[in-house]
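Here's the structure, in structure tokens; my notes come after.
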Amino acid sequence: MKIHPNYTPLLFAFFMSLLMAFIMSGILTFVNLGLVNNFIFIWLRSFVIAWCCAFPTVIVVAPIVRKIVMHLTAPPAK
């Protein structure tokens, strides 16, 4: 089953925010606390909080970043 292309921006935001929040929360939890006994629990809690912030942020910021990139890059060669 394929998802309709209209949902591409939403899927992009979902997966980008999911992966970024997961990786960044893990790194920052480790940097701030080290490998403590309940590291995984703390990391996952931080991940959920981070993802709740990251998902709407990507939805809002991605179109702005796309426009900035379009202004900074040359059009494709024809």
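The values are calculated or read from the model by the stated rules, or taken from the named source; none is laboratory data. None of the values given here were measured: they were computed from a predicted structure. Because the Cβ atoms are built from the backbone with ideal geometry, glycine has one as well, and the counts that use them run over all protein chains shown. For the accessible areas, the whole protein counts, side chains as well, though only heavy atoms, and no ligand, DNA or RNA atoms are used. Shrake-Rupley method; radii C 1.70, N 1.55, O 1.52, S 1.80 Å.
Put a dot 7 Å past each Cα toward the Cβ at ARG45 and HIS71; how far apart are the dots in nm?
Using points 7 Å along Cα→Cβ, the separation is 4.2 nm.
Would you kindly derive the ³J(HN,Hα) couplings of the stretch 20-35 from the backbone phi angles with the Karplus curve 6.51 cos²θ - 1.76 cosθ + 1.60 (θ = phi - 60°), listing them in order in whole Hz, with x for Gly and Pro?
5, 5, 5, 5, 5, 5, x, 5, 5, 5, 5, 4, 7, 10, x, 8
What accessible area per residue comes out for the chain, rounded to a whole number of Å², with a 1.4 Å probe? Numbers along the way, then the final one.
Values: 6610 Å² over 78 residues.
Normalised by residue count, the accessible surface of the chain is 85 Å².
I'd like the distance separating the alpha-carbon centroids of the stretch 44-58 and the stretch 1-22, in whole Å.
If you average the Cα positions of each part, the centres end up 14 Å apart.
Pulled fully out, how much extra length does the chain show between MET16 and ASN37, if you take 0.36 nm times their separation in residues and subtract their Cα-Cα distance? Numbers along the way, then the final one.
Working: separation 21, 0.36 × 21 = 7.56 nm, distance 2.91 nm.
Here the answer is 4.7 nm.
Tell me the volume per residue, in Å³, of the convex hull enclosing the alpha carbons of the chain. Display every interim value, and only then the final one.
On the way: hull volume 12.1 nm³, N = 78.
Measuring per residue, one finds 155 Å³ for the Cα hull of the chain.
Label-point separation (nm) for VAL60 and HIS4, each offset 7 Å from Cα along Cα-to-Cβ?
2.7 nm
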